[in-house]
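Undergrad: Pasting a structure below so you can have a look.
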Amino acid sequence: MDGSEGIASLQPDEAPRTVSHPAESDLPRFVDKYFLRTKDVVAKFGDVDVTYAVFMRRPVTSAPRLAMQWLERMARARKVEIRVDLRQKEGSWVGAGEPIMYVSGSLYHLIDLETQFLQKLGACCVAAYNAYVMCAEMQKTAFLAMDARHCAGTEMAEMMAYGASVGSAKAQRKLGAVGFIGNASDETAHFFNRDRGYGTMPHALIGYAGSTVRAAEMFHEVHPAENLTVLVDYFGQEITDALAVCRRFPELAAEGRVAVRLDTHGGRYVEGMDIGMSYEVLDRNAPQAIRGYRSDKELSYLIGTGVSAAAIWHMRERLDRAGFKAVKIVASSGFSPEKCRVMALANAPIDIIGTGSYLPEKWSETYATADIVKYGDEERVKVGREFLLEKTRTDHREA
């Protein structure tokens, strides 16, 4: 396949599952029926070389690797040539309606590949866009991809991890951001240049142990070489339990091997906080965040319930006051691009953000589209899509 410069090629035994599925032999069971019936018509009346323009209706970050690798597999399986003119390389910003690539070849062999090809493209591009925005807003903060349990199956989890890795790499390259340092599962850790996933304990372990400190003790006994990240919101005593864990493991805390994770839900304030104290905490640490107009949503991220900027500053103050300045803060719970932007306004002292909120919020925005723009030597496209014609597209945007 042409046009794949800069897109890594995986060997069949190394390929992600989403690249492997569906296999060419199984493809008809997954394809939109009208493509299969069109293929029958082309078989009877004669094949033609065509060119598809592939685009999206909203701005995205180009993340074409999985889709292109799957297309390459299909070409090999069918022993045909499929030509790809990649106009927006991996990591590039792409405007609404701008062709990401042109795909050319036999109509007979391309017509039934559209369904799966577009499935593997659109959502990845939106996830990459969102991940980049988040990393750009909080350039000094590390991110951990925790999307897997929110995905609709393992293929989606693979696509979302890949998308996050593309957005993160772009932020690292262009802005020097820390970006995503890993993810939560072994299967997709390779997208972040890791051998395995990250993570210590869910709320279930706290409930099983009966106390936050006991859960930390049990975890450390079983996994003594692992850094200790402890959820502290289970009993609604975030500050009390955070300090208790640090006092139980003072050596680890002094070495920077202890982190407390705030995951308080939006139904209550973090221990010791209310709206008045939230304003006071921010006034001490980030007065610029509460000066000037803020929308209701922005205010909820700054001084509201759950994991607010004020709550994070409150935890940092209490840890420092107790002498645990090396203890890190991990924040999770709804860290979307918008929430990250507000946290940056407040200069929230977050060491790591655990998030799956780069997942596309509106699934309709992930719909990639492919229109044929050339049949043989004749350019032809449905009325209203003339902007896709190749002759008007000569730019190759840099990432």
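The values are calculated or read from the model by the stated rules, or taken from the named source; none is laboratory data. Note that the structure is predicted; figures quoted are calculated from it, not measured. Quick reminder, even Gly has a Cβ in these numbers, built from the backbone with ideal geometry, and neighbours come from all protein chains shown. Heads up: the accessible areas ignore ligands, DNA and RNA and are worked out on the full protein's heavy atoms, side chains in. Shrake-Rupley method; radii C 1.70, N 1.55, O 1.52, S 1.80 Å.
Undergrad: Which ones in region 373-389 are more than 16 Å from Gly97 (Cβ to Cβ) and crowded, with 17+ Cβ neighbours inside 10 Å?
TA: Scanning region 373-389 gives a single hit, Lys374.
Undergrad: Restricted to region 311-324, and to residues that are outside any loop (DSSP other than H, G, I, E, B) and of a type in the set (A, V, I, L, M, F, W, C), which residue is most open to solvent (accessible area, probe 1.4 Å)?
TA: Ranking the qualifying residues of region 311-324, first place goes to Trp313.
Undergrad: Kindly list the number of the only condition in (1) buried (at least 23 other Cβ atoms within 10 Å of the Cβ); (2) in contact with a helix residue (DSSP H, G or I) (Cβ under 6 Å, 6 or more places away or on another chain) that fails for Arg341.
TA: Failed condition: (1).
Undergrad: Every residue in region 296-332 that is in contact with an Asp or Glu (Cβ under 9 Å, 6 or more places away or on another chain) and closer than 13 Å to Leu345 by Cα, please.
TA: Result: Glu298, Tyr301, Ala310.
Undergrad: Considering only residues that are open to solvent by 30 Å² or more (accessible area, probe 1.4 Å) and touching a helix residue (DSSP H, G or I) at 6+ places or on another chain (Cβ under 7 Å), which ones fall in region 161-177? Break it down into steps so the answer makes sense when it comes.
TA: Residues of region 161-177 open to solvent by 30 Å² or more (accessible area, probe 1.4 Å): 169, 172-176.
Matches in region 161-177: Leu175 only.
Undergrad: Which residues, counting only those in region 118-136, are open to solvent by less than 10 Å² (accessible area, probe 1.4 Å) and either at pLDDT below 95 or not in a loop (DSSP other than H, G, I, E, B) (or both)? So that I can check it myself, show each step before the final result.
TA: In the first step, residues of region 118-136 are kept if they are open to solvent by less than 10 Å² (accessible area, probe 1.4 Å); the result is 120-128, 131, 134-135.
Correct list: Gly122, Ala123, Cys124, Cys125, Val126, Ala127, Ala128, Ala131, Met134, Cys135.
Undergrad: So in region 269-283, with the set limited to residues that are in contact (Cβ under 8 Å) with a residue 24 or more places away in the chain and open to solvent by 60 Å² or more (accessible area, probe 1.4 Å), which one is nearest to Met218 (Cα to Cα)?
TA: Of all residues in region 269-283, those in contact (Cβ under 8 Å) with a residue 24 or more places away in the chain come to 269-273, 275, 277-279, 281-282.
From what's left, open to solvent by 60 Å² or more (accessible area, probe 1.4 Å): 269, 275, 277, 279.
Working: Tyr269: 28, Ile275: 36, Met277: 35, Tyr279: 37 Å.
Across region 269-283, the extreme among qualifying residues is Tyr269.
Undergrad: Condition first: open to solvent by less than 10 Å² (accessible area, probe 1.4 Å) and among the acidic types (Asp, Glu). Now tell me which residues in region 148-160 satisfy that. Break it down into steps so the answer makes sense when it comes.
TA: Residues of region 148-160 that are open to solvent by less than 10 Å² (accessible area, probe 1.4 Å), as a first pass: 158, 160.
Matches in region 148-160: Glu158 only.
Undergrad: State whether one or more residues within region 364-379 are free of Cβ contacts under 8 Å to residues at least 24 places away in the same chain, over 28 Å from the mean Cα position of the chain (by Cα) and within 22 Å of Met56 (Cα to Cα). Break it down stepwise before answering.
TA: Taking region 364-379 first, the residues free of Cβ contacts under 8 Å to residues at least 24 places away in the same chain are 364, 377-379.
Applying the additional criterion that residues be over 28 Å from the mean Cα position of the chain (by Cα) yields 377-379.
If we keep only those that are within 22 Å of Met56 (Cα to Cα) too, we end up with 379.
Within region 364-379 (the criterion being free of Cβ contacts under 8 Å to residues at least 24 places away in the same chain, over 28 Å from the mean Cα position of the chain (by Cα) and within 22 Å of Met56 (Cα to Cα)), the answer is yes, since at least one residue qualifies.
Undergrad: Among the residues of region 284-310, write down those that are part of a helix (DSSP H, G or I), surrounded by 13 or more Cβ atoms within 10 Å (Cβ to Cβ) and free of Cβ contacts under 8 Å to residues at least 60 places away in the same chain.
TA: Step one: list which residues in region 284-310 are part of a helix (DSSP H, G or I), which gives 284-285, 287-290, 296-303, 309-310.
Remaining after also requiring surrounded by 13 or more Cβ atoms within 10 Å (Cβ to Cβ): 285, 289-290, 298-303, 309-310.
Across region 284-310, the qualifying residues are Ala289, Ile290, Glu298, Leu299, Ser300, Tyr301, Leu302, Ile303, Ala309, Ala310.
Undergrad: Can you find a residue that is modelled with pLDDT under 95 and farther than 22 Å from Glu317 by Cα anywhere in region 273-292?
TA: The answer is yes, given that some residue of region 273-292 is modelled with pLDDT under 95 and farther than 22 Å from Glu317 by Cα.
Undergrad: For residues in region 188-232 being touching a residue at least 24 places away in the same chain (Cβ under 8 Å) and open to solvent by 70 Å² or more (accessible area, probe 1.4 Å), which is farthest from the chain's Cα centre (by Cα)?
TA: Asn227
Undergrad: When you go through Ala326, Ala370, Ala348 one by one, which is the residue that is in contact with a Phe, Trp or Tyr (Cβ under 7 Å, 6 or more places away or on another chain), more than 18 Å from Glu137 (Cβ to Cβ) and of a type outside the set (Asp, Glu)? Step through it out loud before you land on a result.
TA: Details: Ala326 fails: in contact with a Phe, Trp or Tyr (Cβ under 7 Å, 6 or more places away or on another chain); Ala348 fails: more than 18 Å from Glu137 (Cβ to Cβ).
It is Ala370.
Undergrad: Would you pick out the residues in region 312-344 that are in contact (Cβ under 8 Å) with a residue 24 or more places away in the chain and more than 19 Å from Met134 (Cβ to Cβ)?
TA: Of all residues in region 312-344, those in contact (Cβ under 8 Å) with a residue 24 or more places away in the chain come to 312-319, 322, 324, 326-344.
If the condition is that a residue be in contact (Cβ under 8 Å) with a residue 24 or more places away in the chain and more than 19 Å from Met134 (Cβ to Cβ), then Trp313, His314, Met315, Arg316, Glu317, Arg318, Leu319, Ala322, Phe324, Ala326, Val327 are the ones that fit.
Undergrad: Take the conditions buried (at least 21 other Cβ atoms within 10 Å of the Cβ) and in contact with a Leu (Cβ under 8 Å, 6 or more places away or on another chain) and apply them to Ala145. Does it pass?
TA: Values: buried (at least 21 other Cβ atoms within 10 Å of the Cβ): yes; in contact with a Leu (Cβ under 8 Å, 6 or more places away or on another chain): no.
In short, no.
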